[in-house]
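Take a look at the structure below.
The values are calculated or read from the model by the stated rules, or taken from the named source; none is laboratory data. Quantities reported herein were computed from a predicted structural model and do not represent experimental measurements. Because the Cβ atoms are built from the backbone with ideal geometry, glycine has one as well, and the counts that use them run over all protein chains shown.
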Amino acid sequence: MTKTILSILFFLSASAARAEDLPQGDALFSAMKDEIARSMARLDMDKLGKPCFLSYQAWDGHSFGVSASFGDLEQVSSRDYRQVKADLRVGTYKLDNSHYAPSPMTGYNAESDPYITLEENYDALRFSLWAVTDRAYKKALETLSKKKAFIESKSLAEIHDDLTPQPRRSLLRPAQAERLDEEAWKENARRISAVFRKYPAVKHSSVILNFNSGRSSFLSSEGTFVRQPACAGSVSISASGYAPDGFPLRAGHREDFCLARDVPPADKLLEKAEELGAELTAMARSEPLKAYIGPVLLEKTAAARLFESLLVYSISNPREVWTEKTRWTPDSVFRQAGQLVERLGMRVTSPFLNVVDDPLARYHEGKPLSGFYEADDEGVPAKRLDLVKRGKLAQYYMSRAATRDFSESNGHGRADLNDYPSGLPSNVFIIPEDTPARVLPLAELKKKFLELCKEQEQDYCIRVRSFDNLNSPFSAWKVYLDGREEPVHGIEFTGVNLRALRDITAVSKETFVHNLGWSVPGAIITPSLLVQEMEIKKSEQKPEKKPYLPHPYFGK
Amino acid sequence: MLKSILALTLLCLTPAAYADEEGKDTVMSALTKELDRSFSGLKNAEKVPLYYLGYELTVTRTREIAAKLGAIEYEAAQPGATLDIDVRVNSAELDNSHQVKGGGGSRAQQGSYQVSIEGGEDALRAKIWEHTDKAYKKALEDFTKVKMNKAVTAAEEDPSPDFSAVTPEKSYETAALAEPDLAAWKERLKKQSAYFSTFPFVYDSSLFFSYETENRYLVNSEGARVKTGRNYVSLSYSVTSRTTDGMDIRRSLSYSGDSFDDLPSEEKLAADMARSVKELEALRTAQVVEPYSGPAILSARAAALYFHEIIGHRLEGHRNKLEDSGQTFAKKVGQKITSDIITLYDDPTLKEYKGVSLRGHYAYDNEGVRGQRASLIENGVLKGFLMNRSPIRGFAASNGHGRRSPGFPAVSRMGNLIVEATGGVPYAELRRLLIEECKKQGKPFGLIFDDISNGYTSTGRAGIQSFKVIPLLVYKVYTDGRPDEAVRGVNLVGTPIASFSKIAAAADDFGVFNGDCGAESGWVPVSAVSPSLLVSEIEVEKAEKSQQKPPVLNPPLHDK
């Protein structure tokens, strides 16, 4: 099966797709097709208007999860799932019920049913589709009337089309749920988590594996249909302990995969656990740091998070979602548009950097990429995007909702079970221009980092491997001019803005795959980054008292 | 496909490999070792002494299967183990659990922690240590707030201590449940759930089967060492529709017990489902009742739930002590509060009542106290309260009603609440008495509440101290001999003291409500038992309804 998926990708055929091409004898597609036909023809409550568009997307497959700590399992779950979402629009393609939250309290959610029949039972499937469609239709009518009233009450300079046209398309890929050897993975989770029995510096630890494997099936009233694999797997190992002053220290490792054969080998994960144990042991002598201004070397997760926070997030969700003001929520914007959407053509990173998003990329240097798909959640073919060209913002993520700059989807209309599709990332690649002076092997980059440090007359400079977000405290390493390193903690960035991306002076040749962890799967593939100058301050967070008693295992 | 699911889910149950022999029980060993180490190590670690430490570890194995319209919709089996930690600092007279006045009604959730489902001693002890440390720090912090609050606020009405003494229990019992024939159950669920698909007015339906084995370990620094458990088996269905004026209507039934033998046969279930569908159909065209006050019968099961709501919650001991609570009955002990035909008690030691399994049964409560019969009302006179280890004026000891679901501090809760009435008459006679009472009051009709779904009762002083109960099935009984009519759209409302004094007569039948009750200490399994009751005056108000119309199109199967 996997062979077929891996074979050359076909572009979706725009011409050959007709509803008749739906796979014969497929209960799910048959039920979707019949309920769409009936709803489009006859859903018309009190002559308030029929739907102008209706699509269903169903996800089904098998879900397995296991977590372990200190050699024992803590949670195990294994079950089949099938869920469905209806995207129903009333009004016209120019102005429909989308991009408006009927109330700030209930939010902006699509109608869905997380539990529909697991069986290939046409009648039961159709019943569930009917129920979700009826709810979606009534909500759509109400939302559209509120949205129209909102528009009438405001002076809105621009109103963009809610649903831009797309030709009919079809894509059928072999897709079926895969299973891991669940017994073996329970045993692996036990073994990996037991590694931390060797590391007294690790006070708390866990190993978690999750694997959802199955398919996504999409059919719209326009006749577009898609069936493709939908899977998401991850293994995370985390360990934490305390600095001498009681400040929490954490180290973690996460790998993502989609196909069962790409699950990381247990041996490699055992090694990773050992590395984390050693890392935390080294960090346990960490000292607090007061303040710092100077060059920063951002590696791995830290490099990815910088791009995630400053760039990727800001070019997602390009359309605002409006709502009505209430006493408690005085803002009529329910969801802001990405902040860089207004800066098309302007410089956002150093001129030697390009940023590309490629949903069709399945692997990077052998590592699976979780953002892979062939058709987005609106049935539009996935497209590679040149987001940033030589430092200038050239494009942002588009669904079928138009913006001032673009009137066509670029195949990035994505959403989970509860959302309407919106422009979102898939696999984001940070790709430097071929400039030898700025793209160096990691060891060389570290040398350059120290040179910069010396130039700026610093005693030491800061190397960061990971942080959660730009406002939370993190741990790092002081790197002295002679290469000596000392762990520090209790610090956070201050005043970081887009300037940091423009201040990237060099990057490593080596790259790192970081999972985005958003509502839809995605990844950032980035080199390590040398930033000319960043400002770091002491965290406001106060350290906790260390545990009163020694750990029962290590204290023996 | 089906086969592989079965094989897999069976495997999922294996991890709960807890020993069932006390000497080899690593869970008990981990709990007691860590308890001893923590208690001696933390006792005098700070100026404020630690005087009580308790652990409760709840091990569960559950499976749930849902079917709808002839097909399986959900199936999951899950093992689980959660740890609750109770830390008390200073002294039983005044500790960190003491209410902080003005700081919100109840104590905040203390958190329940996932721990090893395999019972490994090292893994368990590591987690117990981690969470004990957090709980101890929080207790110290809370106690500082308590001291300050006590210093700056007025004295409490009830100066009782915060914690009462008990004799530590020692007991070791393991509950287990053999796997049923799952394939047969699934076939049955599919077959019987398909019945609902034949009715065009059924807008949603489900048939739900679940079973759970729960074993609880309770150890504390006073010396309690208890392992206790029980099985919960249940089968339930629900069928819903909507009237043309936008009112959601529902009929449902739930059967529960501690073994699969307690569940109904196919024939019995089919007959009940058929009756429910008929009732649902009748409700669709039933007239809406205008607000009314007059005589009514609460049929047995409905009466049981009514008692649970209007009086049960108000007899929970701690509620008669909290400064922001209504303390409805705090000072009424020894006084007549209802008709002298009524006797009320709560007895968690009962596994069944006249052959019907009771869901509220337990041997030990969540504070390690043996469940005991609590006498609440005798011949109309208030005798006592449901007590946990939080004493109240005149009631210093627990009667084994300290309950919680994992993650919450235990408070006093109901188990099996039982209403008994002297002089019960056959139901037909009770109906005759209803008509007689209506005539006496000059009312053209009375009401029979045949089924009640749930209710709310508000006992806080800040709100209105009243109750609201949502009836599912109500009939109008005319005094002129017209046939009974199903009616809808009303809620039962009232204030407890007034309503409670109006019970006029009882039938010689009984009904059992088995369900789960939610309050500040989480959801706990409960039962309530009562005969049918005639109430001389009951008040109903219009019920809230959805503004949604019925579905625009018929269900697909009925759109020919």
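General remarks:
- One residue stands out in the stretch B:350-387 among those that are of a type in the set (S, T, N, Q) and closer than 30 Å to B:Asp340 by Cβ: the one that is nearest to the chain's Cα centre (by Cα), namely B:Gln372.
Residue-wise test of (1) farther than 20 Å from A:Ser220 by Cα; (2) loosely packed, with under 15 Cβ neighbours inside 10 Å; (3) at pLDDT 95 or above; (4) more than 14 Å from chain B (Cβ to nearest Cβ).
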| residue | (1), (2), (3), (4) |
| --- | --- |
| A:Thr117 | yes, no, yes, no |
| A:Leu125 | no, no, yes, no |
| A:Val132 | no, no, yes, no |
| A:Ala140 | no, no, yes, no |
| A:Ile151 | yes, yes, no, yes |
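- With respect to the conditions (1) surrounded by 19 or more Cβ atoms within 10 Å (Cβ to Cβ); (2) in contact with a Gly (Cβ under 9 Å, 6 or more places away or on another chain), A:Leu297 lacks only one, and its number is (2).
- Set A:Phe211, A:Phe196: member being in the same structural domain as A:Val90 (by TED's automatic domain parsing), part of a strand (DSSP E or B), touching a residue at least 12 places away in the same chain (Cβ under 8 Å) and aromatic (Phe, Trp, Tyr): A:Phe211
- Beta carbons closer than 7 Å, at least 6 apart along the sequence or on distinct chains, pair a first residue in the stretch B:22-36 that is more than 12 Å from every other protein chain (Cβ to nearest Cβ) and over 16 Å from B:Leu53 (Cβ atoms) with a second that is among the hydrophobic types (A, V, I, L, M, F, W, C) and crowded, with 17+ Cβ neighbours inside 10 Å for B:Glu22/B:Met28.
Yes/no matrix, rows are residues, columns are (1) under 18 Å from A:Val312 (Cα atoms); (2) aromatic (Phe, Trp, Tyr); (3) at pLDDT 95 or above:
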residue	(1), (2), (3)
A:Arg384	yes, no, yes
A:Leu387	yes, no, yes
A:Tyr397	yes, yes, yes
A:Arg400	no, no, yes
A:Gly411	yes, no, yes
A:Ser426	yes, no, yes
A:Ala437	no, no, no
A:Pro441	no, no, yes
A:Glu444	no, no, yes
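- Qualifying strands (runs of 3 or more DSSP E) (wholly inside the stretch B:285-395; at least 1 residues being of a type in the set (Phe, Trp, Tyr)): B:292-298, B:342-346
- Meets criteria (surrounded by fewer than 19 Cβ atoms within 10 Å (Cβ to Cβ) and part of a loop (DSSP other than H, G, I, E, B)) for B:Ala183: no
- Remark: B:Ser375 matches the filter, which requires a residue to be in contact with a Ser or Thr (Cβ under 9 Å, 6 or more places away or on another chain), among the polar types (S, T, N, Q) and over 19 Å from B:Gly54 (Cβ atoms).
- Residue check for B:Leu492: at pLDDT below 95 and buried (at least 24 other Cβ atoms within 10 Å of the Cβ): yes
- Contact map, the stretch A:479-490: first residue closer than 15 Å to A:Ser466 by Cβ, second residue modelled with pLDDT of 95 or more and aromatic (Phe, Trp, Tyr), Cβ cut-off under 8 Å, separation 6 or more or different chains; pairs are A:Pro487/A:Trp477; A:Val488/A:Trp477.
- Where a residue in the stretch B:442-470 is farther than 18 Å from B:Arg251 by Cβ and its partner, wherever it lies, is hydrophobic (A, V, I, L, M, F, W, C) and modelled with pLDDT under 70, with Cβ under 9 Å and at least six apart: B:Ser458/B:Ile464
- Residue among B:Glu173, B:Glu169, B:Glu179, B:Glu118 that is over 28 Å from the mean Cα position of the chain (by Cα) and of a type outside the set (A, V, I, L, M): B:Glu118
- Test: residue in the stretch B:139-158 that is within 30 Å of B:Gln99 (Cβ to Cβ), assigned by TED's automatic domain parsing to the domain that holds B:Leu94, among the small types (Gly, Ala, Ser) and crowded, with 20+ Cβ neighbours inside 10 Å: yes
- Qualifying residue in the stretch A:171-179 (condition: farther than 30 Å from A:Gly411 by Cβ and either outside the structural domain of A:Glu408 (by TED's automatic domain parsing) or of a type in the set (A, V, I, L, M) (or both)): yes
- The strands (runs of 3 or more DSSP E) located wholly in the stretch B:435-541 that include 2 or more residues which are of a type outside the set (A, V, I, L, M, F, W, C) occupy B:445-457, B:467-478, B:485-488, B:490-494, B:511-519, B:522-530.
- Matching residues in the stretch A:245-275 - criterion: being crowded, with 19+ Cβ neighbours inside 10 Å, assigned to a helix (DSSP H, G or I) and either touching a Phe, Trp or Tyr at 6+ places or on another chain (Cβ under 8 Å) or in the same structural domain as A:Ile462 (by TED's automatic domain parsing) (or both): A:Ala273
Conditions (1) more than 30 Å from A:Ile491 (Cα to Cα); (2) buried (at least 22 other Cβ atoms within 10 Å of the Cβ); (3) at pLDDT below 95, marked per residue:
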residue	(1), (2), (3)
A:Glu187	yes, no, no
A:Ser193	no, yes, no
A:Arg197	no, no, no
A:Asn210	yes, no, no
A:Glu222	yes, no, no
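- Among the residues of the stretch A:224-241, those that are within 14 Å of another protein chain (Cβ to nearest Cβ) and buried (at least 22 other Cβ atoms within 10 Å of the Cβ) comprise A:Ala239, A:Gly241.
- The residues on offer are A:Glu535, A:Glu544, and the sole one that is out of contact with any helix residue (DSSP H, G or I) (no Cβ under 6 Å at 6 or more places or on another chain) and within 14 Å of chain B (Cβ to nearest Cβ) is A:Glu544.
- The one condition from (1) surrounded by fewer than 20 Cβ atoms within 10 Å (Cβ to Cβ); (2) in contact with a Phe, Trp or Tyr (Cβ under 7 Å, 6 or more places away or on another chain) that B:Leu69 does not meet is (1).
- Whichever residue in the stretch B:400-434 is in contact (Cβ under 8 Å) with a residue 40 or more places away in the chain and in a helix (DSSP H, G or I) and, among such residues, is surrounded by the most Cβ atoms within 10 Å (Cβ to Cβ): B:Leu434
- Scanning the stretch B:74-97 for residues that are in a loop (DSSP other than H, G, I, E, B) and within 25 Å of the chain's Cα centre (by Cα) yields a total of 1.
- All of A:Asp60, A:Asp87, A:Asp96 fail the test of being in contact with an Asp or Glu (Cβ under 6 Å, 6 or more places away or on another chain), more than 10 Å from chain B (Cβ to nearest Cβ) and at pLDDT 95 or above, apart from A:Asp96.
- Filtered residue count, the stretch B:37-80, keeping only those that are without any contact (Cβ under 8 Å) to a residue 40 or more places away in the chain, among the charged types (D, E, K, R) and over 22 Å from B:Ile128 (Cα atoms): 1
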